[in-house]
Amino acid sequence: MQTEFIYLAYLVAAVLFILGIKGLTKPRTAVKGNQLSALGMLIAVVVTLFDQNILSFQWIIAGVIIGGVIGATMATKVQMTAMPQMVAVLNGFGGGASLAVALANFYGLNHDLVPMISISATVLIGAVTLSGSFVAYAKLQELISGNPIAVPGNKVLNAVLLIAAIGLSIAIVNEPTNTALMVALVAVAIVLGLVLVIPIGGADMPVVIALLNSYSGIAAATAGFITNNTVLIVSGSLVGASGLILTSIMCKAMNRSLTNVLFGVMGEVGETVDADEVYAGKVKSSSPEEVAMLLETAERVVIVPGYGLAMAQAQHAVRDLANVLEERGTEVQYAIHPVAGRMPGHMNVLLAEAEVPYEQLVEMDTINPQFEQTDVAIVIGANDVTNPMAREDKGSPIYGMPILNVDKAKTVVVVKRSLSPGFAGLPNPLFAKDNALMLFGDGKKAIVDLSASLKEAD
């Protein structure tokens, strides 16, 4: 009866995980999806504790309290601009936890064939996830350069390290008492994680985060085989599969190859483009008052958010501007590029925080055909995802990447501090287009001033 209850509880937890992930696919249901997943994990943890006959709960209670305090603090204190870094850290912790479980079981002398295969796989994937995630964190936090960092012979080095890791894993299965092999595997896997992510630039970080999330799920699933825990296998498999699907979607959105992502050869530096030649005195600066005059007669406005909007924390100011426009009878929508920002769904979450109506968030494929009927497109901090070089310059590193066709709008207003390039390090010919105006300054202040000027016109 006890066994039946345990498996029934695991089934309930698995169903909650599936419903939770389904809920996370849409902004409107994301909060509920997160709550369902958390409830499923709580059920799984509690049932597992009783199933394993844990008699002393003081350490478990201490862990719950400490972890809960840390989690609650992160959830309330971390700004939306730092959310990608937090996701990267949590991916690393997930891989590190699986690595710790595998090592504990290895040194616990559980040397049967299936557990040893699972231990080797978990150590390899968990260590790669751990080190790779913290490199991603360091890049996003600007502790190290966010630009692609060249590693001599990167492709060959990655292949050698991967082959060495697989060879060590096989050797450990054949010699399960050889601790030196395990130490070597951990070291090689950690180095592999480092060299996989170091060459990748900030522009490709959304794909990297999605992939590392998948790795953490796969590591959890293989750890489930070690501990013979069904719900861990199921939940890890769900995270691993959904992460790979998301990675594939991100790759398509950036015209990247999944193989290149897996082997860390994304973001290779192309030819240097001279910004002075691109702009050549064609950039036209404007003011909030001039832009407000344009918006007075606009019937349709599309707002294009990017990472600069997150940095300026301008999401609430943007919502207020949209409210002012709507009160004047203007139709307002938001164009969402799949990889705008530094993690998948970054702009959706940011705008949801500002209580922007979900139905106004329009995906790239849907909004692109509508730009020609748009009176004013307001670009706030989005650079690479609006760069026409992706369509027009075959020699560009971003050539072929689908972009938001904002340049086809009747007028484009770009809110930006300066003409500095985005993560890809490229100038943006959009800024020099005949129909483009630059509104230089802090994103939040510029939008607030624009709203004020528009209100004065009433």
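The values are calculated or read from the model by the stated rules, or taken from the named source; none is laboratory data. Values in this document were obtained by computation on a predicted structure and should not be read as measured data. Glycine gets a Cβ as well: all are built from the backbone with ideal geometry, and neighbour counts include every protein chain shown.
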*Mind checking whether some residue in the range 120-127 is surrounded by fewer than 23 Cβ atoms within 10 Å (Cβ to Cβ) and farther than 12 Å from residue 188 by Cα?*
yes
_Criterion first (at pLDDT 85 or above, buried (at least 16 other Cβ atoms within 10 Å of the Cβ) and out of contact with any strand residue (DSSP E or B) (no Cβ under 7 Å at 6 or more places or on another chain)) does residue 201 satisfy it?_
no
*Can we say residue 68 is out of contact with any Lys or Arg (no Cβ under 7 Å at 6 or more places or on another chain), assigned by TED's automatic domain parsing to the domain that holds residue 224 and either β-branched (Val, Ile, Thr) or without any contact (Cβ under 8 Å) to a residue 60 or more places away in the chain (or both)?*
no
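Can you spot a residue in the range 388-403 that is under 26 Å from residue 319 (Cβ atoms) and touching a strand residue (DSSP E or B) at 6+ places or on another chain (Cβ under 8 Å)?
Taking the range 388-403 first, the residues under 26 Å from residue 319 (Cβ atoms) are 403.
This time we only want the ones that are touching a strand residue (DSSP E or B) at 6+ places or on another chain (Cβ under 8 Å), so: none.
Within the range 388-403 (the criterion being under 26 Å from residue 319 (Cβ atoms) and touching a strand residue (DSSP E or B) at 6+ places or on another chain (Cβ under 8 Å)), the answer is no, since none of the residues qualifies.
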*Which of the residues spanning the range 132-165 are among the small types (Gly, Ala, Ser) and surrounded by fewer than 16 Cβ atoms within 10 Å (Cβ to Cβ)?*
145, 150, 153, 159
*So, of the residues in the range 335-367 that are more than 18 Å from the chain's Cα centre (by Cα) and charged (D, E, K, R), which turns out to be surrounded by the fewest Cβ atoms within 10 Å (Cβ to Cβ)?*
359
*How do the strands (runs of 3 or more DSSP E) wholly within the range 352-458 filter down when requiring 2 or more residues that are more than 23 Å from residue 281 (Cα to Cα): which remain?*
361-363
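Could you check the range 159-171 and list, in sequence order, the residues that are among the aliphatic types (A, V, I, L, M) and under 16 Å from residue 127 (Cα atoms)? Talk me through it step by step, then tell me what you get.
Within the range 159-171, the subset among the aliphatic types (A, V, I, L, M) is 159-166, 168, 170-171.
Within the range 159-171, 161, 162, 163, 164, 165, 166, 168 qualify.
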*asked:* So if I check each of 113, 130, which one is modelled with pLDDT of 90 or more and in the same structural domain as residue 217 (by TED's automatic domain parsing)?
replied: 130
